[in-house]
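Below: one structure, written as structure tokens.
The values are calculated or read from the model by the stated rules, or taken from the named source; none is laboratory data. It should be emphasised that the depicted structure is a prediction, and the values quoted were computed from it without experimental measurement. Glycine also receives a Cβ, built like all others from the backbone with ideal geometry; neighbour counts cover every protein chain displayed.
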């Protein structure tokens, strides 16, 4: 089968339930009721979305907006503080945070005084002690010494730097010019301030990228000794993200070249001693993510792979998704509508989905597949106090994959052989009864062998 055909059949299935199945029946009052019903003694995690950036990266697929006006940022921080207060009121008591993650956009667009103001508001509403991991996504181009000082004072323990690629021609094509020296200076500044974990995000499949260029980027990045790396595949969807039309399509690598780039990156990282984690992450063997993966304690949510085992994830800011035992709730995506809603004293929930009893089991099976490439459905069913037959509708969908050798099944235990791990999304999708279509059928996708 031609690789171009495979590219259309390969499912972009990364989490359960998929956001397209969210609906407007889950509204602000639903979400408020869910928050009010949460146990008072249970820790939670908090995701804070900062959608603003100082410039537009042509490859970006995030919910973001370009601004160079301080007044926009100041109003936004005030609205975030108001939304946090509304969530705190619904919770009814000051809860302990296990993880606090600032994502974007670019959180480092915040000036020091706004970082301080936002952290003061969050500390007034939540218990943020020395056990809380505070992670910040950093754009190396827009951070200076004062901002690093402010984030260090806020308690940042982990930093994720967006690097993407270090080839100047690639950087020009995606409108993100940042020399290696810029990245290295930020890493040095973070280390000097005692930030204990450094992550670097890379992307393959970008315009003008080559195998040799990817290898060179990896080697330069490895010289910085990051604890973790994420290697994402660029998704070219100009119909959804019109600014991606600014990328010359003729310069995009084809499926075979993308696979070769991925394999080259895996080879470089494996040779350097990094362990492959799930779909797209790598970590040093002594890193908590690698330790969790080896112990079967790795987790995955809408933000990706994590060591966070909190059952409650609250999202603040436009487009943010909250994950609660009762279901998922997503905020209004439009920044202005979100701000107007929270400034009027209302939660900005736009849509969501309530979880059925069997959804908890389906989610657990899919998470273990995404994290471990295996799942003991019998054991998971017992943990969720359900009969495993509650999700037996998955077996007919799984049968073609089993026949093709993509998955093995012994009783209620399923596993994905090493050579078929690139098809884990197909296997996972079989357990989502809302997800239908030809995407779950097997196909001979190329495999990047990451040891």
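Answer with yes or no whether residue 124 is assigned by TED's automatic domain parsing to the domain that holds residue 166, modelled with pLDDT of 95 or more and surrounded by fewer than 17 Cβ atoms within 10 Å (Cβ to Cβ).
yes
So is residue 347 outside any helix (DSSP H, G or I) and either surrounded by fewer than 21 Cβ atoms within 10 Å (Cβ to Cβ) or not assigned by TED's automatic domain parsing to the domain that holds residue 49 (or both) or not?
In short, yes.
Residues of the range 68-110 being outside any helix (DSSP H, G or I) and touching a helix residue (DSSP H, G or I) at 6+ places or on another chain (Cβ under 7 Å), which ones?
92, 94, 106, 110
So residue 400 passes all but one of these: (1) more than 23 Å from residue 364 (Cβ to Cβ); (2) modelled with pLDDT of 95 or more; (3) in a loop (DSSP other than H, G, I, E, B). Which condition number does it fail?
(3)
Could you list, in sequence order, all residues of the range 314-343 that are under 15 Å from residue 31 (Cβ atoms) and more than 22 Å from the chain's Cα centre (by Cα)?
Correct list: 341, 342.
I need the full set of residues from the range 307-322 which are assigned to a strand (DSSP E or B) and surrounded by 22 or more Cβ atoms within 10 Å (Cβ to Cβ), in order please.
Listed by number, the residues that qualify are 313, 314, 315, 316, 322.
Please count how many residues of the range 223-239 are within 10 Å of residue 284 (Cβ to Cβ) and at pLDDT below 95.
Residues meeting the conditions: 0.
Which residue, of 116, 130, is closer than 24 Å to residue 45 by Cα, surrounded by fewer than 19 Cβ atoms within 10 Å (Cβ to Cβ) and at pLDDT below 95?
It is 130.
Keeping to the range 409-440, report how many residues are assigned by TED's automatic domain parsing to the domain that holds residue 378, surrounded by fewer than 14 Cβ atoms within 10 Å (Cβ to Cβ) and over 19 Å from residue 362 (Cβ atoms).
Adding up the residues that qualify gives 4.
Regarding residue 56, is this residue outside any helix (DSSP H, G or I), in contact with a helix residue (DSSP H, G or I) (Cβ under 8 Å, 6 or more places away or on another chain) and surrounded by fewer than 17 Cβ atoms within 10 Å (Cβ to Cβ)?
The answer is yes for residue 56.
For residue 275, only one of the following conditions fails: (1) over 21 Å from residue 432 (Cα atoms); (2) in contact (Cβ under 8 Å) with a residue 60 or more places away in the chain; (3) touching a helix residue (DSSP H, G or I) at 6+ places or on another chain (Cβ under 9 Å). What is its number?
(2)
Considering only residues of the range 323-340 that are out of contact with any strand residue (DSSP E or B) (no Cβ under 7 Å at 6 or more places or on another chain), outside any loop (DSSP other than H, G, I, E, B) and without any contact (Cβ under 8 Å) to a residue 40 or more places away in the chain, which is farthest from residue 20 (Cα to Cα)?
The residue in question is 340.
Test residue 161 against the criterion of being in contact (Cβ under 8 Å) with a residue 12 or more places away in the chain, in the same structural domain as residue 282 (by TED's automatic domain parsing), crowded, with 19+ Cβ neighbours inside 10 Å and in a strand (DSSP E or B), and give yes or no.
So residue 161 passes the test.
Take residue 219 and decide whether it is part of a helix (DSSP H, G or I), more than 24 Å from residue 133 (Cα to Cα), free of Cβ contacts under 8 Å to residues at least 24 places away in the same chain and assigned by TED's automatic domain parsing to the domain that holds residue 178.
Considered against the rule, which asks whether it is part of a helix (DSSP H, G or I), more than 24 Å from residue 133 (Cα to Cα), free of Cβ contacts under 8 Å to residues at least 24 places away in the same chain and assigned by TED's automatic domain parsing to the domain that holds residue 178, residue 219 comes out as no.
Looking only at the range 240-255, how many residues end up being part of a helix (DSSP H, G or I), out of contact with any helix residue (DSSP H, G or I) (no Cβ under 8 Å at 6 or more places or on another chain) and surrounded by 13 or more Cβ atoms within 10 Å (Cβ to Cβ)?
Final tally of qualifying residues: 3.
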